Amino acid sequence: MSAPKQCKLVLADGSEWEGEAFGAEVSTSGEAVFQTGMVGYPEAMTDPSYARQILIITFPLVGNYGVPGSEQDEHGILKYFESHKIHIAGLVVSTLSADYSHWRAVKSLSDWMKESGVPGIQCVDTRALTKQLRATGTMLAKLVMQGDDYNKVPMNDPNKINLVAEVSCKAPKVYNPSGTVKITMVDCGMKYNQLRCMIARGAAVKVVPWDHDFTKDADWDGLFLSNGPGDPEMASATVSNLRKIVQEMVAGKRPVKPIFGICLGHQLLSLASGAKTYKLPFGNRGHNQPCTQVGTPHCFITSQNHGFAVDDKALPSGWLPLFRNENDQTNEGVVHESLPFFSVQFHPEARAGPCDTEGLFDCFLDTAR
């Protein structure tokens with residue numbers, strides 16, 4: 001058996017982390033971010049919110065339960081992934097398990113990544129790497145394979161790309177057309193479990209592209225804004241359409257219908273309301289973020305994946321903060337004072353959990369009905 005190929009992770013500050021390659025043996029670049037979840041790597045890697053990012057998993061052992069198959073449910077949605085492909089640019093782990101064991105597993109993590117053209121690096125001190133990123137903030141990076149010219153691997157900046165346009169669907173599609181309530185879901189990088197949560201509660205869901213003009217296509221009972229990657233200000237078409245809808249409902253120029261946003265959708269609704277967003281030093285990514293409902297003692301453990309946040313000090317009149325992160329005190333949700341418009345920064349639908357806040361889908365759909 002041949003020795004594993006060597007490679008190195010090079011950060012924008014010049015620091016280098018050497019290790020062994022796995023997956024596709026190709027060089028790549030992106031924004032280096034870390035995630036603290038102990039499980040759920042197939043879901044995280046297929047989450048469009050991680051598009052063009054080099055994902056560092058802090059849990060030391062990765063790959064021990066392999067990768068599930070591509071079975072679909074009765075609606076044609078993949079059962080075990082959050083989109084149709086891997087979206088990360090590369091993966092960084094401490095230890096890759098050479099063996100895997102799980103009743104759903106059909107292949108190893110390395111083989112799946114190789115088939116998808118996505119490289120990985122192991123034997124990296126991910127604890128030290130994460131501590132560095134926590135001290136300096138996320139930064140651009142490149143993963144360079146042994147034998148490749150370091151200088152010919154560009155340090156591409158995904159923050160300068162409209163990643164929402166890149167990952168969004170290209171045409172509308174209806175799921176569960178016999179559902180009892182009509183929801184228009186704006187796909188800014190939608191995770192499949194958001195779709196599953198809607199359908200499981202009896203909704204007919206029309207998924208539309210990020211720049212679809214839903215102001216002219218308003219036969220819906222509720223409007224949902226999905227998660228997605230990158231800077232929310234890049235999705236200006238979505239914000240413009242949303243601002244028009246919100247202003248017309250507030251002014252009584254069209255019937256009031258509920259609006260619900262998650263993650264990037266939260267940021268887009270906030271921008272449409274007149275608030276501001278900003279980039280966090282290293283973001284919040286993991287399954288263990290405590291969020292308190294403002295004005296109550298209720299705290300929920302949430303799953304998160306975002307690099308931008310809403311400045312709730314700039315919320316306009318009529319809007320209130322809904323949740324707050326107890327780790328860094330950043331905003332985790334907004335709500336209109338009198339109309340059924342609300343959004344959350346965290347993921348109520350999260351796979352691989354937790355599911356503490358999944359009831360927000362019930363709140364939205366009950367109002368839509």
Can you give me the number of residues within the range 294-307 that are touching a Leu at 6+ places or on another chain (Cβ under 7 Å) and over 22 Å from Met190 (Cα atoms)?
1
Please go through the range 343-369 and give me each residue that is touching a strand residue (DSSP E or B) at 6+ places or on another chain (Cβ under 6 Å) and either open to solvent by 30 Å² or more (accessible area, probe 1.4 Å) or assigned to a loop (DSSP other than H, G, I, E, B) (or both), ordered by number.
Gln345, Phe346, Ala350, Pro354, Asp356, Thr357, Arg369
Is there any pair linking a residue in the range 281-296 that is more than 30 Å from Leu140 (Cα to Cα) and in a strand (DSSP E or B) to one that is among the basic types (Lys, Arg) and open to solvent by 50 Å² or more (accessible area, probe 1.4 Å), with Cβ under 9 Å and at least six apart or on different chains, and which?
Thr292/Arg324; Gln293/Arg324
Meets criteria (closer than 30 Å to Gly14 by Cα and open to solvent by less than 60 Å² (accessible area, probe 1.4 Å)) for Leu195:
no
Pick out the one residue from Ala171, Ala165, Ala135 that is small (Gly, Ala, Ser), more than 22 Å from Arg351 (Cα to Cα) and within 20 Å of the chain's Cα centre (by Cα).
Ala165
Going through the range 210-227 in order, the residues found to be open to solvent by 10 Å² or more (accessible area, probe 1.4 Å) and either of a type outside the set (Asp, Glu) or farther than 15 Å from Phe364 by Cβ (or both) are Trp210, Asp211, His212, Asp213, Thr215, Lys216, Asp217, Ala218, Asp219
Taking the range 311-327 and the residues there that are open to solvent by 30 Å² or more (accessible area, probe 1.4 Å) and in contact with an Asp or Glu (Cβ under 7 Å, 6 or more places away or on another chain), the one that is farthest from Lys276 (Cα to Cα) would be Arg324
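The values are calculated or read from the model by the stated rules, or taken from the named source; none is laboratory data. Given the structure is predicted, the values throughout are model-derived calculations rather than measurements. Neighbour counts are summed over all protein chains in view; Cβ atoms, including those assigned to glycine, are modelled from backbone coordinates with ideal geometry. When the accessible area is computed, the model is the full protein with side chains, heavy atoms only, and any ligands, DNA or RNA have been set aside. Shrake-Rupley method; radii C 1.70, N 1.55, O 1.52, S 1.80 Å.
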